[in-house]
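S.K.: I'd like to ask some things about the structure below.
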Ligand SMILES: Cc1cc2nc3c(=O)[nH]c(=O)nc-3n(C[C@H](O)[C@H](O)[C@H](O)COP(=O)(O)O)c2cc1C
């Protein structure tokens, strides 16, 4: 049986995986030689993720991080995915069971602590991939392709941000001051969003209270635009999966892609709007030749960050282990 110490170390490391809005829906139960992963759908995004696909993807990323963390202790696991629905507000939903056995170390585990989301300009100049490819991602590096994606991303983000409910939910997951009761525990803080103190103070007004007013004066598109910083990313990865693949399985592969990028010195910055918006999802698949039996799961900018990772907000173990 896995010792309590090793289990807690692995849960802590697994929690470093990326999750949508940093909601951290993954919960763990240990029963002898079996670890069970649950999705806490009560932290699900009712507007941003009504089907629970992003929650499942996030749990998949945590699951793969757990596999890597276990591998550091020469532990492997036979994974069974339940395929259960992870739509918001159904309490704890079992998503996977891991039957533990002896295993070997996977060196990618060392990247878990180094990966982070970088939401600002990337270092200029071309990057070296040292032959890195993936069969489930199309890497767009040419200027015409990146410019087109930057423009489509702004359009899709604006369509999504036009929804009052989406903006309210987003602001609810922002931790704009250190005094926020959940600062340091979950959600996205000011530093990780690269906001100045003034921008952080203004954010709830701009995104909720005065949005309609700003919109009437045509100021909201500029507020949402990421065009110029997107163009600094030398590589934009179009991550895709089989249409029928369980999103938890897609999340596992997604985490590996992010960690592989990290091992090349890259940080990532997702452009979820491009895959979430059905119009841009179809346009991206058509332009970049993603086959009809595959779906675009996530688009992510990669490059060398021009600053350090900010402190991570993560839930305490007492929240994550049940
Ligand atoms: C499914 C999914 C979608 C995400 N979409 C976005 C996005 O559109 N924009 C963004 O800035 N971050 C996005 N993120 C990144 C999360 O906000 C980030 O992982 C979380 O805040 C934790 O921060 P960390 O990655 O630095 O550990 C997404 C993450 C996941 C798993």
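A short reminder: the numbers here are calculations on the coordinates, not readings from a lab. The shown structure was predicted, so the numbers you read here are calculated from the model rather than taken from an experiment. Cβ atoms come from the backbone with ideal geometry, glycine included; neighbour counts cover every protein chain shown.
S.K.: Once both axes come from the Cα atoms, what is the angle between helix 53-71 and the longest principal axis of the chain, in degrees from 0 to 90, rounded to 10?
M.R.: The two axes meet at around 40 degrees.
S.K.: Residue 210 to residue 129: extension gain in nm, 0.36 nm per residue of separation minus the Cα-Cα distance? Walk me through the numbers before you get to the answer.
M.R.: Numbers: separation 81, 0.36 × 81 = 29.16 nm, distance 4.41 nm.
My answer for the length gained is 24.7 nm.
S.K.: Tell me the angle of helix 143-161 to the major Cα principal axis of the chain, expressed in degrees between 0 and 90 and rounded to the nearest ten.
M.R.: That helix lies at roughly 90 degrees to the long axis.
S.K.: Rounded if a/c is under 1.5, else prolate if a/b is larger than b/c, else oblate: which is region 26-127, with a ≥ b ≥ c the root eigenvalues of its Cα gyration tensor?
M.R.: The shape class here is oblate.
S.K.: Output the relative contact order of region 251-302, whole-number percent, from Cα pairs under 8 angstrom with separation of 6+ residues.
M.R.: On the way: 40 pairs, mean separation 21.9, N = 52.
Value for region 251-302: 42 percent.
S.K.: Still on this structure, please answer the following. Shape call for the chain from the C-alpha gyration tensor, a ≥ b ≥ c root eigenvalues: rounded (a/c under 1.5), prolate (a/b greater than b/c) or oblate?
M.R.: Working: a/c = 1.60, a/b = 1.32, b/c = 1.21.
Prolate.
S.K.: Quickly work out the residue 1-to-residue 217 label distance, labels modelled 7 Å from Cα along the C-beta direction, and quote it in nm with one decimal.
M.R.: Computed distance between label sites residue 217 and residue 1 equals 6.5 nm.
S.K.: First check a/c for region 75-194, with a ≥ b ≥ c the square roots of the eigenvalues of its C-alpha gyration tensor; if it is under 1.5, answer rounded, and if not, answer prolate when a/b is larger than b/c or oblate otherwise.
M.R.: Values: a/c = 1.61, a/b = 1.10, b/c = 1.47.
Oblate.
S.K.: Against the longest principal axis of the chain, how steep is helix 247-263, in degrees 0 to 90 to the nearest 10, with axes from Cα atoms?
M.R.: 80 degrees
S.K.: Also, I was wondering about something else. State the antiparallel share, in %, of DSSP beta bridges confined to the chain, rounding to the nearest 5.
M.R.: Around 90 percent of the beta bridges assigned by DSSP in the chain are antiparallel ones.
S.K.: Sticking with this one: Relative contact order of region 137-303: what whole-number percent is it, with Cα pairs under 8 angstrom and at least 6 residues apart?
M.R.: Details: 190 pairs, mean separation 51.4, N = 167.
Computed over region 137-303, the figure is 31 percent.
S.K.: Moving on. Along each principal axis of its Cα atoms, how long is region 169-322 end to end? Whole angstroms, biggest number first, please.
M.R.: Here the spans come out as 46, 45, 32 Å, largest first.
S.K.: If you average the sequence gap of Cα pairs under 8 Å that are 6 or more apart and divide by the length of the chain, what percent do you get for the contact order? Provide the component values of the computation, followed by the final result.
M.R.: Numbers: 589 pairs, mean separation 78.2, N = 322.
RCO, the chain: 24 percent.
S.K.: What order do you get for 95-107, 229-241, 268-280 when each peptide is scored by the mean count of other beta carbon atoms within 10 Å, highest first? Intermediate values should be presented prior to the final figure.
M.R.: Working: 95-107: 15.8, 229-241: 22.5, 268-280: 20.3.
Ranking the peptides 95-107, 229-241, 268-280 by packing returns 229-241, 268-280, 95-107.
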